[in-house]
1. For the range 190-241, what is the convex hull (Cα atoms) projected area averaged across all directions, in square nanometres?
2. Nearest 0.05, what FRET efficiency do residue 262 and residue 222 give at R0 = 30 Å with Cβ-Cβ as r?
3. Roughly how far apart, in whole Å, are the Cα centres of the range 61-138 and the range 158-180?
4. Sorted from fewest to most neighbouring beta carbons within 10 Å, what does the list 210, 46, 253 look like?
5. Rg/Rh for the range 160-322: what does it come to with C-alpha atoms and Rh from Kirkwood?
6. What's the angle, to the nearest 10 degrees (0 to 90), between helix 14-24's Cα axis and the longest principal axis of the chain?
7. Using only the Cα atoms of the range 92-246, each taken as one equal point scatterer with no solvent, compute I(q) by the Debye sum, divide by I(0), and report log10 of the ratio at q = 0.10, 0.14, 0.15 Å⁻¹.
8. From the C-alpha coordinates alone, can you work out the Kirkwood hydrodynamic radius of the range 298-349, in Å?
Amino acid sequence: MSRPLRLAINGYGRIGRCVLRALYESPLKDYFQVVAINEPADLASMVYLSQFDSTHGIFPGKVEQGENGLVVNGHPIQVTHETEPEAIDWPALDIDLLLECSGHYGSREQLQRFIDAGCPRVLVSHPGNSAQDVDCTVVYGINHHDLTGEEIIVSSASCTTNAIVPILAELDSAFGVDHAFLTTLHSVMNDQPMIDGYHHSDLRRTRSAMQSIIPVATGLAQGVERLLPQLRGKVQAKAIRVPILNVSAIDLMLKLQSDVPATALNATLLAATQRYQGLLDYSDHPHASVDFNHNVHSAIIDASQTRTNGDGFANLFIWFDNEWGFANRMLDVAQVWSARLQQVQTISL
């Protein structure tokens, strides 16, 4: 590699900031360089929130305010404060990849605005409105090999999809999954108010995030079926927001094709952690959610909670850091995609 690949981040909220911080803690820190961030917030606040984070602690380096943006460990990052993709001179930034982390752009038409404005390609931090809105939806460890380097807009799915798809893939391969019901217990998010307020058309999300357990809509079942089409029509999901800052869980109810003892389920998933090193982890200790804050894995199987009840029924419990794990998966997808792109460019030469 002649130079680090140049990244830009659009949207410097929870995921945008975690991606930057994760990069500086990652082995990929010499592979990528963040050269630009677009975020409507003021620069002083961006500097402060880059350095101090209530969830992930103090940045393990140095963050300063430069003449035109952030300076992180001596590396300058140009900052713009635009609200429209067309307002930025993307070609002048000479970036290789934009990480779209604002969550405001979901359709192909919306995402195409970045391409038309001069971004060479875009990696989206959510599943997109539909499979047709992106060239490929990638769960790293499952289908990242499908990337060819010729894609323009790619989705890194969602934190919950990254957590559950490898586990369902393993269980379906080993035992056959007739039905799966997923309940996500998700930490609070920025679309919820601290106290009751007019924050959302979903009336439940107008209620105080820190005082209630709140059911919300989820597209997780559709996300799973997009990655595992063999389970189409077999997956249902619901989501509940719980009043903690970070770390989420999935309560997975299964109807398998045969009776499987809990010990066999756990043994299969423990073996799977070897194939998904760095992505899946396994523990049988008595855990609370805080144990997994700042955990890089996509999911951690809590073997102490595995239950079976005859007739193929099984129940599993999976932990995941919905911020940190997902931010690291975005970097993994970006690395694979850019490597494929370099192969395509080399062949074309």
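Where a number appears in this text, it was derived from the coordinates with a stated rule and is not lab data. These numbers were taken from a predicted model, which means no experiment stands behind them. All Cβ positions, even for glycine, are placed from backbone atoms using ideal geometry, and neighbour counts span all protein chains on display.
1. Orientation-averaged projected area of the Cα hull: 4.1 nm².
2. In this case the efficiency is close to 0.55.
3. After rounding, the separation between the Cα centres reads 31 Å.
4. Going from sparsest to densest Cβ surroundings: 210, 253, 46.
5. Value, to two decimals: 0.99.
6. Between helix and principal axis, roughly 80 degrees.
7. -0.44, -0.81, -0.91
8. Kirkwood hydrodynamic radius for the range 298-349: 14.3 Å.
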